[in-house]
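J.: First the structure, then my questions, so here it is.
The values are calculated or read from the model by the stated rules, or taken from the named source; none is laboratory data. Note that this is a predicted model, so its numbers are computed, not measured. All Cβ positions, glycine included, derive from the backbone under ideal geometry; neighbour counts span all protein chains shown. Note: areas computed on protein heavy atoms with side chains; ligands, DNA, RNA excluded. Shrake-Rupley method; radii C 1.70, N 1.55, O 1.52, S 1.80 Å.
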Amino acid sequence: MEIVNFNNFEDRVFCQVFKKYFEEIQVHVEDWDALFKDMNADERDVAKVLMEDGRIYGFIIYRKDELKNWFFCETIGFIREFWVSKSMRKQGFGSKLLEAAEKDMEDVNRIMLTPAKRKESFYEKRGYRKAKIQALNCLHVYVKEL
């Protein structure tokens, strides 16, 4: 099992795995082709995938983004999507994917994400803390200060 950089969100194998992930989190998509095309077009997104023998068993998609207003600008890390196949969970692969993404973002002051409720303790064990803000999708925001 290896973690590799990945940049083709329209790859057939990736698309199948991503659809499985959205099914698990119960997100419905009307136009999958448009979604994957948009993901490919947004060059800010970076992905790492957990692979073996051409199969993808997990992925993390993240980016560096800016929080700014009239007074300040801060570059933050933002984890957009994160999934590990049920057959690979509880074996440390999620931690390895997260560590790989964090390493790529070590030049930012903080990393933010919105975890599913059942995953909050996973992030808390890795130094993420619930922030006093809520995301626009009404999920809690977790932050790790670097």
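J.: Testing the spin-label approximation: label points 7 Å from Cα along Cα→Cβ at Lys64 and Ile25. State their distance in nm.
T.: 2.4
J.: Order Met1, Met105, Met112 by their accessible area, 1.4 angstrom probe, all chains in place, largest first.
T.: On the way: Met1 75, Met105 0, Met112 25 Å².
The most accessible residue leads, giving Met1, Met112, Met105.
J.: To test your reading of the geometry: what angle, between 0 and 90 degrees and rounded to tens, separates the Cα axis of helix 32-41 from the longest principal axis of the chain?
T.: 60
J.: With springs connecting C-alpha atoms under 10 Å apart, model the chain as a Gaussian network and identify which of Val13, Val108, Val84 has the largest mean-square fluctuation.
T.: Val13
J.: Here's another thing I want to ask about it. Return one whole number: the accessible area per residue of the chain in Å², for a 1.4 Å probe. Intermediate values should be presented prior to the final figure.
T.: Details: 9380 Å² over 146 residues.
Ligands and nucleic acids excluded, the figure is 64 Å² per residue.
J.: Starting from the stretch 17-47, pick out the trypsin sites (Lys or Arg not before Pro) whose DSSP state is loop and whose Cβ has at most 16 other Cβ atoms within 10 Å. Please list the in-between numbers first.
T.: Details: sites: Lys19, Lys20, Lys37, Arg44; in loops: Arg44.
Answer in residue order: Arg44.
J.: Would you please give the FRET efficiency between Glu145 and Val4, computed as 1/(1 + (r/R0)^6) with r the Cβ-Cβ distance and R0 = 22 Å, to the nearest 0.05?
T.: Details: r = 28 Å, r/R0 = 1.29.
According to the calculation, E is roughly 0.20.
J.: Further, regarding this structure: With only Lys, Arg, Asp and Glu charged, each at its Cβ (+1 for the first two, -1 for the last two), find how big the charge dipole of the chain is about the Cα centre; round to the nearest 20 debye.
T.: Values: 26 positive and 26 negative charges, 175 e Å.
In total the dipole reaches around 840 debye.
J.: Which one, (i) 1.04; (ii) 1.12; (iii) 0.97, gives Cα Rg over 2.2 N^0.38 Å as derived from the coordinates shown?
T.: (i)
J.: Add -39500 (n - 2.57) for each DSSP H run of 4 or more in the chain, then divide by its residues: what number comes out at 222 nm, to the nearest 500 deg cm²/dmol?
T.: Values: 4 runs with 40 residues, N = 146.
Helix contribution divided over all residues of the chain: -8000 deg cm²/dmol.
J.: Something else now. Chymotrypsin sites (Phe, Trp or Tyr not before Pro) within the stretch 40-146: which are DSSP loop residues with at most 12 other Cβ atoms inside 10 Å? Intermediate values should be presented prior to the final figure.
T.: Numbers: sites: Tyr57, Phe59, Tyr62, Trp70, Phe71, Phe72, Phe78, Phe82, Trp83, Phe93, Phe122, Tyr123, Tyr128, Tyr142; in loops: Trp70, Phe71, Phe72, Tyr128.
Answer by residue number: Trp70, Phe71, Phe72.
J.: Now a separate question. I'd like the trypsin sites (Lys or Arg not before Pro) in the stretch 60-131 restricted to DSSP loop residues with at most 11 other Cβ atoms within 10 Å, sorted by number. Write down the numbers at each step before the final one.
T.: On the way: sites: Arg63, Lys64, Lys68, Arg80, Lys86, Arg89, Lys90, Lys96, Lys103, Arg110, Lys117, Arg118, Lys119, Lys125, Arg126, Arg129, Lys130; in loops: Arg89, Lys90, Lys125, Arg126.
Passing both the DSSP loop test and the Cβ count: Lys90, Lys125.
J.: Expected output is a single nm value to one decimal: the length gained when fully extending between Lys125 and Cys138, i.e. 0.36 nm times separation in residues minus the C-alpha distance. What is it?
T.: Taking 0.36 nm per residue and subtracting the Cα distance, the gain is 2.4 nm.
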